[in-house]
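Student: Pasting a structure below so you can have a look.
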Amino acid sequence: MGKRKARRQQQLISSLSKKQKKHLKDFGEEHPFYDRVSGKEKPTQICELNLGFSISCWTPLTSPSAKHSQWSSMSDTSEQSSSESDTENDSEQASVYHKLLATLKTAPYSDSEDDEDESEGGSNKGDAEVGSDDEYEEDEGEMEDKDNDSNAPDPPESDQEAPLQKNSQEEAGDPEASSDLKHEATEEFTDVQHESEFSLETNFIEEECGDPSADGKESSGSADIAKDPFKCHVEEELEEKQIDKILACSKSTSQVKWPALGQLVFSSKLEKFGMVKPDKEVDLKRLHLRKPLGSAWPKVNSPFLSTQVKSKDQPFTLLQKELFCIMNSYKDLFYPERTALSNGEEVRQVYCLHALNHVLKANAQVLGNNAKRRDQKPGTDDDCFRDQGLTRPKVLIVVPFRESALRVVQIFISLLESTSQKKIDVSNKKRFKGEFGSDPEEKPPNLKRPEDYEAVFAGNIDDHFRLGVSVLQKSIRLYAPFYSSDIIIASPLGLRTVIGAEGENKRDYDFLSSIEILIIDEADIYLMQNWEHVLHLMNHINLLPLESHGVDFSRVRMFSLNNWSKYYRQTLLFSALQDPQINSIFNKHCFNYRGQVAVRNIPLKGSISHVVVQLPHVFRKLEAENSISAIDARFHFFIEKVLPEYRDAVMSHTLIYVPSYFDYVRLRNYFKKEELSFVHICEYTSKSGISRARQFFLKGVKQFLIFTERFHFYKRYSIRGIRNLIFYELPTYPHFYSEVCNMMKLAGSEEEATLTCTVLYSKYDAQKVAAVVGVDRAAQMLQSSKNVHLFVTGETE
């Protein structure tokens, strides 16, 4: 019988939300605004105390008259004897809160909730304790309070950027309770428990690591600390004349060849920071990795190590070793050979190690100075404790898809927990997996796509997201408010919707003011999304914030106060190709005082060598005064010299490949105006429109098909029936050239003799020409006085 009663009490307790339990624990009453309150007036209860007198317990009601009647009953002590019988008769109607109050203070119910939390990823152990001052997590709170807050709106699509949104419960709350809800709003959307746990202002170094020797490099002596690249970088004090020199156009460059990266170009505007030499052998103890990264890295990186490298006890691959050598020197880096199919994950591992190492060192410095300030005597100068920026976010990682963000977070978790026997606490892990993970069953069956397509578009490919991550005390907090985050992982579109545009009421970019490491991964994909979003981001990073956001200015580094943060920011740029727009980001928006390193390997073989169709390739050169005038020059050259040759009905089945969407619109409008027989396919065309256009083109109903590069990038459909191919401009991706040319073999063997291919190019397409035909042939084509060059592929020997 006792077990059954205890089980009932346990069920009643588990049915309460954490907010209800906390309120019951603190005040011994129902929660005034979030509990269901019936309109029926509840009887007064008399509680016998051991002090020799009794008082009335009251339950708050919604109507003021009911409250008045209950307060008046407390003063009416002459009817105690008669009220005892009333309370006995009405004991069954008493609130469940009064029945559980004594049990709640003594019963060890937290075990059941701990088990429930552990089933969700083991990230919310402390949430079950009612006596703590923490609030429930957003994702769990929405489920628990569904009945109590049935009018609360669904979270918006961009729910993960918690600091930029108001609490939904505040908007849906009772008007009479608005003042109390406003008081609780801040606690709810910032998650009070985790806010205090991950706060840099209230924690100390002892709490983070437990012993003073946790930081291996600090225990090895002051001489070794001085060599720490992190300390050397952030503690370098620049002078105004050096800043003026950085802003000047002149810079010294030098070239050197490394074993794995190949040809490197070092550039610097300060002579003090020159070339970096690669390490022949890597000793983790000399890399100044913050604990536990030094011991965790070999295990996390082991899948990428060959048996030969493992036998030599080398924790890095040859590529990773050279990349980390440059990253750890805090120079800017541009690596244009990162491909999803070959070395993409290898590169991701090493930049995650560098970013997490930087964050752990920066936080350890702040926590250590907190302890020193706590122990110092009053009146001591605090100017020696400058260890922060104007806002907390230090690292910004820009990735194109949610799947990329998922992999980055998984690497962070692996680096922090691989050496420990138990898993680290990860807040909101269940919600993160639900929003950033993917369902394998959602993938359509029987889709035949190239391997590089499968690698790029694996997992969740939503491109609108942003995520704040804070790291402290061997724990990771996901969905942290931006101003409480150490790392922000976002897509260009996700950042663009937060930053906003000039004139908009709701916009925020102060969280970008103190970014110390900017990582732009898979930059080539942004060319296929919207490159304007990347430019918009670069124009709003490292600006002085419009508000203080509670910063302690006595702890802010001087270069942040001087608005020199952009000269201390390290930018890591990874792409699958070299493109003028990507190069402009690296050349015009990166001002690192330590200089830059760019990988500049020359493509000896072009993608034209992968064309298997017997096909003549006619490259026609057009003249233009500059890159801007080349747009109009290309259009007029096409309609005046190229298109007339293909208007004849004999030249049917002509596909026109157009990389730029603006050029596509211009050509489409011209073809409509001239009433030419054509169909068109772009990334915005409906499925029925695509099917109809492909069918008309295959059967020869329409003579021309205008085809955009972005459609090919996102769909990779095979277009059948191509006999004549025109590249209005060379493709952004070199391998697209051979892919489209090889589609012509689907036209049938009897038609191969009549196949043609025409390519338009100018001197401003030098990189694209070199990637297609090779650097030697490209040099001849660009320097030659002839404007027509012919190549033939697929010849049988």
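The values are calculated or read from the model by the stated rules, or taken from the named source; none is laboratory data. What you see is a predicted model; the values in this text were computed from it and never measured. Because the Cβ atoms are built from the backbone with ideal geometry, glycine has one as well, and the counts that use them run over all protein chains shown.
Student: Inside the stretch 361-408, can you point out the residues that are surrounded by 20 or more Cβ atoms within 10 Å (Cβ to Cβ), more than 20 Å from PHE511 (Cα to Cα) and of a type in the set (Val, Ile, Thr)?
Tutor: If the condition is that a residue be surrounded by 20 or more Cβ atoms within 10 Å (Cβ to Cβ), more than 20 Å from PHE511 (Cα to Cα) and of a type in the set (Val, Ile, Thr), then VAL408 is the only one that fits.
Student: Confirm whether HIS464 is within 13 Å of the chain's Cα centre (by Cα), part of a loop (DSSP other than H, G, I, E, B) and assigned by TED's automatic domain parsing to the domain that holds HIS354.
Tutor: For HIS464, the condition - within 13 Å of the chain's Cα centre (by Cα), part of a loop (DSSP other than H, G, I, E, B) and assigned by TED's automatic domain parsing to the domain that holds HIS354 - is met.
Student: Sort through GLU208, GLU281 and tell me the only one that's modelled with pLDDT under 90 and outside the structural domain of TYR335 (by TED's automatic domain parsing).
Tutor: After ruling out the rest, the residue left standing is GLU208.
Student: Moving to a separate point now. Can you tell me which residues in the stretch 507-519 are outside any helix (DSSP H, G or I) and out of contact with any Phe, Trp or Tyr (no Cβ under 7 Å at 6 or more places or on another chain)?
Tutor: ARG507, ASP508, TYR509, SER513, SER514, ILE515, ILE517, LEU518 - these are the residues of the stretch 507-519 that are outside any helix (DSSP H, G or I) and out of contact with any Phe, Trp or Tyr (no Cβ under 7 Å at 6 or more places or on another chain).
Student: What are the pairs, 6+ residues apart or on separate chains, where a residue within the stretch 718-740 that is in the same structural domain as PRO659 (by TED's automatic domain parsing) has its Cβ under 9 Å from a residue that is of a type in the set (Val, Ile, Thr) and in a loop (DSSP other than H, G, I, E, B)?
Tutor: TYR737/VAL611; SER738/VAL611; SER738/VAL612; VAL740/ILE719; VAL740/ILE722
Student: Being surrounded by 17 or more Cβ atoms within 10 Å (Cβ to Cβ), within 22 Å of CYS757 (Cβ to Cβ) and either in the same structural domain as TYR737 (by TED's automatic domain parsing) or touching a helix residue (DSSP H, G or I) at 6+ places or on another chain (Cβ under 8 Å) (or both): is that true of ASP648 here?
Tutor: no
Student: Quick one: in the stretch 468-501, which of the residues that are among the basic types (Lys, Arg) and not in a loop (DSSP other than H, G, I, E, B) is farthest from ASN562 (Cα to Cα)?
Tutor: In this case the residue turns out to be ARG477.
Student: Looking at the stretch 551-563, can you tell me whether even one residue there is within 25 Å of the chain's Cα centre (by Cα) and either modelled with pLDDT under 95 or surrounded by 14 or more Cβ atoms within 10 Å (Cβ to Cβ) (or both)?
Tutor: yes
Student: Among the residues of the stretch 601-614, is there at least one that is in contact with a Leu (Cβ under 9 Å, 6 or more places away or on another chain) and more than 23 Å from ILE722 (Cα to Cα)?
Tutor: Yes, that holds for at least one residue.
Student: Restricted to the stretch 305-341, and to residues that are modelled with pLDDT under 90 and not in a helix (DSSP H, G or I), which residue is surrounded by the most Cβ atoms within 10 Å (Cβ to Cβ)?
Tutor: Here the residue is PRO315.
Student: Sticking with this structure for a sec: Kindly indicate which of LYS272, LYS280 is over 30 Å from the mean Cα position of the chain (by Cα), under 27 Å from GLU346 (Cβ atoms), without any contact (Cβ under 8 Å) to a residue 60 or more places away in the chain and assigned to a loop (DSSP other than H, G, I, E, B).
Tutor: None of the other options fit; the residue is LYS280.
Student: (1) closer than 27 Å to ALA766 by Cα; (2) without any contact (Cβ under 8 Å) to a residue 60 or more places away in the chain; (3) hydrophobic (A, V, I, L, M, F, W, C): which one isn't true of LEU698, the others all being true?
Tutor: Looking at each condition in turn, LEU698 falls short on (1).
Student: Which residues, counting only those in the stretch 768-779, are acidic (Asp, Glu) and modelled with pLDDT of 95 or more?
Tutor: none
Student: Hey, does the stretch 396-416 have a residue that's assigned to a strand (DSSP E or B) and closer than 24 Å to GLN365 by Cβ?
Tutor: Checked the stretch 396-416: at least one residue is assigned to a strand (DSSP E or B) and closer than 24 Å to GLN365 by Cβ.
Student: Among the candidates GLU532, GLU504, which residue alone is without any contact (Cβ under 8 Å) to a residue 40 or more places away in the chain and part of a helix (DSSP H, G or I)?
Tutor: GLU532
Student: Then there is this: Restricting the stretch 716-767 to residues that are in contact with a Pro (Cβ under 7 Å, 6 or more places away or on another chain) and β-branched (Val, Ile, Thr), which is modelled with the highest pLDDT?
Tutor: Top of the filtered list is THR732.
Student: Another question about this same structure. What number goes with the only condition from (1) in contact with a Gly (Cβ under 7 Å, 6 or more places away or on another chain); (2) within 27 Å of ASN357 (Cα to Cα); (3) not acidic (Asp, Glu) that ILE520 does not pass?
Tutor: (1)
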